[in-house]
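This report refers to the structure that appears directly beneath it.
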Amino acid sequence: KLIKDFKQTAVDQVSEVKTEYVIFQVLQSLINSLHSETKKVPVSPKLDGDHHLVMYGFPGILSQIFSNLIMNSIKHAFNMQKSPEISIRFYQEDNEIIFIYQDNGSGVAPKLHEKIFEPFYTTQRAQGGSGLGLNIVYNLIKKQLKGDLKFDSDIDQGVTYTIILPKLLS
């Protein structure tokens with residue numbers, strides 16, 4: 001499974017060409033495609049942003065980032081949550097697009113904030129966790145999309161990822 005994930009990531013990055021795309025459409029399509037996973041929780045990710053806002057870059061990479069974040073929430077966040085929520089907001093600020101991803105799950109202790117983006121770090125090894133999901137997210141944002149990533153969380157406070165990407169990827 002690990003090798004398959006690595007290969008798929010590599011294929012996605014090599015095969016995709018830069019294009020102009022509507023952010024809302026890309027993220028809504030992703031949410032729809034993950035319905036079989038999100039309904040198990042159950043949680044319905046909420047998407048909030050300008051329906052016409054466009055970016056120039058790699059829509060497949062953006063999808064992969066948010067797919068990994070949603071799946072991470074599904075796997076780790078909602079064990080004790082009676083009414084699970086995931087929200088994705090986005091807006092333009094100058095030449096950047098700001099994405100705010102939040103869940104209301106179990107959260108992450110501050111002492112672990114530095115570790116969660118390290119390769120192979122997982123609290124779910126016994127359940128088949130690879131520890132690569134957030135490492136892939138980090139690398140896609142920083143290296144492929146030339147963006148920035150901020151993380152905030154505390155125990156029982158859910159998580160907030162703030163992702164800042166250039167509107168036009170050069």
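Only bridges with both residues in the chain count here: give the DSSP antiparallel percent, nearest 5. Present the calculation step by step, with values, prior to reporting the outcome.
Numbers: 26 of 30 bridges.
The answer is about 85 percent antiparallel.
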Problem set entry | Given charges at beta-carbon only (K, R positive; D, E negative), |dipole| of segment 2-166 in Debye | 620 debye
For this session: Choose one answer from 132, 34, 112: the residue with the largest mean-square fluctuation in a GNM of the chain with alpha-carbon springs under 10 Å.
Result: 112
Problem set entry | Whole-number D in µm² s⁻¹ for segment 127-170, Kirkwood Cα-pair radius fed into Stokes-Einstein, 4 °C, 1.567 mPa s | 108 µm²/s
Problem set entry | Stretchable slack from residue 113 to residue 93, in nm (0.36 nm times residue separation minus alpha-carbon distance) | 4.6 nm
Seminar exercise, completed: Neighbour-count ranking for 152, 103 (other C-beta within 10 angstrom, fewest to most) reads 152, 103
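What is the local net charge at residue 54, summed over the other residues whose Cβ is closer than 12 Å to its Cβ (Lys, Arg +1; Asp, Glu -1)?
For residues surrounding residue 54, the net value is -1.
For every helix of n ≥ 4 consecutive DSSP H residues, a contribution of -39,500 (n - 2.57) applies; sum these over the chain, divide by its total residues, and give [θ] at 222 nm rounded to the nearest 500 deg cm²/dmol. It would help to have the intermediate numbers written out before the result.
Numbers: 5 runs with 54 residues, N = 170.
Computed ellipticity for the chain at 222 nm equals -9500 deg cm²/dmol.
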Seminar exercise, completed: If the chain between residue 33 and residue 146 were fully extended at 0.36 nm per residue, the gain over the current Cα-Cα distance would be 38.1 nm
Seminar exercise, completed: Plugging the Cβ-Cβ distance of residue 53 and residue 79 into 1/(1 + (r/R0)^6) at R0 = 41 Å yields, to the nearest 0.05, a FRET efficiency of 0.75
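We did not get these values from a lab; they are worked out from the coordinates using the rules stated. Values in this document were obtained by computation on a predicted structure and should not be read as measured data. For neighbour counting, all protein chains shown are included, and Cβ atoms are generated from backbone atoms with ideal geometry for every residue, glycine included.
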